[in-house]
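See below for the structure under consideration.
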Amino acid sequence: MGIKLVAASTQFLNRTPAPLTAYPYTVAFWFFFTNNANYKFLWGIYETADANNKIALYTDNGFPSSFQLQSQAAGTSAFVSPAMQVTADNSWHYVVIRLVSNTNRWLSVLYPSGASSHTQNVTSNAPAYTTPREAIGAYWNSDGPLYYHNGIMAEFVKINADIQADGAQLQDWMLRQLAYQGPFSVPHLRKNIIEYRSFRGGPPDFEEAGVAWGAGKGPQFWTNTNSVQAGPHPPLAGNYRRPGDGFAVVIV
Amino acid sequence: MVTATPTFGSVTTHTITLASLASDTNLVAGRAGTAIDNVSEDAVDAMVGGIVTTGTTPTTARQIEAWVYGSYDGTTYSGAATGTDANLTPSEKTLLKLLTVIPTVATSNKAYQWGPFSVAQAFGGTMPRKWGVFFVHNTGVNLNSTGGNHEVKHTPIKYDSV
């Protein structure tokens with residue numbers, strides 16, 4: 001089961017402080033849009049004290065809308081370009097956000113059709129945080145939570161590294177392997193996974209199943225605001241690797 | 001002391017007509033193969049794989065999906081499959097178990113060798129009484145029209161006591 005976000009009920013997950021803000025890091029997840037539209041936020045890290053510093057993924061511009069990965073520092077924004085369209089409602093998309101450095105940010109999407117798309121921004125932009133807040137399904141800065149999203153998220157992973165060592169466009173095989181076999185199927189990523197959350201567990205805290213953390217960050221928790229409920233899970237291959245599945249050899 | 005060792009049974013070829021299988025943009029309407037009777041076969045697992053060939057000038061960056069369906073009682077199959085080689089629009093595709101997603105390119109008549117995948121793993125570790133495969137694709141054109149350019153086979157895994 002994923003987490004089902006209902007915008008009309010102002011539902012979202014959040015935590016303060018965000019466990020990781022220093023680049024490079026990678027965030028990836030499956031997302032099922034139930035009503036994609038302008039200016040609704042899927043994931044982001046926001047400075048609690050102001051509205052001028054954040055890194056966030058949202059949907060914008062029209063219906064179907066476009067993915068926008070925004071980095072904002074002291075009020076100046078940098079967006080990945082070109083923007084990529086959401087395919088349609090009622091379809092699963094796999095999203096990978098790679099924050100390589102202040103001058104290299106990537107967004108990769110695996111569409112339900114099987115097509116993939118990648119977009120980048122290399123403009124120097126370094127959000128500054130005093131108290132970073134991380135949210136799923138809403139935007140949350142000094143103005144309070146806003147711009148809630150509709151949809152279902154599952155298989156959330158946060159990795160304290162760029163998953164592709166060269167900082168270049170994500171290779172499609174890696175995108176598909178992450179999507180269908182999971183981050184634990186890639187041995188060299190295991191040691192850098194700071195949080196994996198399948199969201200198979202039920203509310204309120206989705207802790208019962210498929211949760212793992214590591215890389216020195218300790219247990220990670222989310223606050224469930226306004227009763228986010230469980231929703232369907234994306235179909236995953238039978239050989240999808242879960243945290244406890246076997247051993248992995250890391251060649252160093 | 002008796003030792004149980006894994007053994008590979010005889011390869012079984014599935015009955016499934018993939019030749020000229022129509023494309024479905026929504027990746028729902030596809031083709032199911034005839035069910036395999038595991039009560040007779042008595043396998044603890046089955047490694048399934050095969051070959052699927054795209055048609056003429058498929059659309060680039062699409063996919064072919066291979067799923068398995070199962071039966072909990074030997075009669076009723078998941079997703080409203082019938083257990084026979086027939087076109088199938090599952091009642092809900094996620095009631096089947098995903099084996100693999102094959103990304104395709106625009107090359108005509110390209111053969112994709114897929115598998116082997118564990119059927120038991122797809123069903124959470126235990127083989128169902130009966131099971132079969134289901135294919136669906138959105139390549140934009142029918143799959144290759146020659147039956148011999150497609151195949152699905154499996155090898156049953158059993159244990160011998162020695």
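The values are calculated or read from the model by the stated rules, or taken from the named source; none is laboratory data. Here the structure is a predicted model, which means the values were calculated and not measured. Note that we place each Cβ from the backbone using ideal geometry, even for glycine, and neighbour counts take in every protein chain shown. Just the protein is used for accessible areas: all its heavy atoms, side chains included, with ligands, DNA and RNA removed. Shrake-Rupley method; radii C 1.70, N 1.55, O 1.52, S 1.80 Å.
Brief remarks follow.
- Residue match in region B:30-50 (condition: open to solvent by 50 Å² or more (accessible area, probe 1.4 Å), touching a helix residue (DSSP H, G or I) at 6+ places or on another chain (Cβ under 8 Å) and in contact (Cβ under 8 Å) with a residue 24 or more places away in the chain): yes
- Any hit, region B:68-84, residues being at pLDDT below 95 and within 14 Å of another protein chain (Cβ to nearest Cβ): no
- Applying the set (1) touching a strand residue (DSSP E or B) at 6+ places or on another chain (Cβ under 9 Å); (2) within 28 Å of A:F32 (Cβ to Cβ); (3) within 13 Å of chain A (Cβ to nearest Cβ); (4) not β-branched (V, I, T) to B:E92 leaves exactly one unmet item: (1).
- Some residue of region A:21-32 being open to solvent by 10 Å² or more (accessible area, probe 1.4 Å) and among the polar types (S, T, N, Q): yes
- Only one entry in A:R105, A:R133, A:R98 is more than 14 Å from every other protein chain (Cβ to nearest Cβ) and either out of contact with any Pro (no Cβ under 8 Å at 6 or more places or on another chain) or not charged (D, E, K, R) (or both), namely A:R105.
- Take the conditions (1) under 21 Å from A:D245 (Cβ atoms); (2) in contact (Cβ under 8 Å) with a residue 60 or more places away in the chain; (3) open to solvent by 20 Å² or more (accessible area, probe 1.4 Å); B:G124 misses just one of them, which is (2).
- Residue within region B:129-152 that is within 12 Å of chain A (Cβ to nearest Cβ) and either open to solvent by 30 Å² or more (accessible area, probe 1.4 Å) or out of contact with any strand residue (DSSP E or B) (no Cβ under 8 Å at 6 or more places or on another chain) (or both) present: yes
- Leading residue by the ranking (modelled with the highest pLDDT) among those in region A:85-118 that are assigned to a strand (DSSP E or B), closer than 20 Å to A:I152 by Cβ and open to solvent by 10 Å² or more (accessible area, probe 1.4 Å): A:W92
- The listed residue being over 24 Å from A:F221 (Cβ atoms) and touching a strand residue (DSSP E or B) at 6+ places or on another chain (Cβ under 6 Å), out of A:D172, A:D166: A:D172
- Restricting attention to region B:136-162, the residues that are under 13 Å from B:A22 (Cβ atoms) and touching a His at 6+ places or on another chain (Cβ under 9 Å) add up to 2.
- Residue within region B:17-25 that is open to solvent by less than 50 Å² (accessible area, probe 1.4 Å), among the hydroxyl-bearing types (S, T, Y), closer than 22 Å to A:R176 by Cα and more than 14 Å from chain A (Cβ to nearest Cβ) present: no
- Flag if A:T26 is assigned to a loop (DSSP other than H, G, I, E, B) and touching a strand residue (DSSP E or B) at 6+ places or on another chain (Cβ under 9 Å): no
- Looking only at residues in region B:1-10 that are part of a loop (DSSP other than H, G, I, E, B) and open to solvent by 90 Å² or more (accessible area, probe 1.4 Å), the one that is nearest to B:P156 (Cα to Cα) is B:S10.
- Screening the candidates B:A106, B:A111 for the property of being among the small types (G, A, S), more than 10 Å from chain A (Cβ to nearest Cβ) and in contact with a helix residue (DSSP H, G or I) (Cβ under 7 Å, 6 or more places away or on another chain) yields one hit, B:A111.
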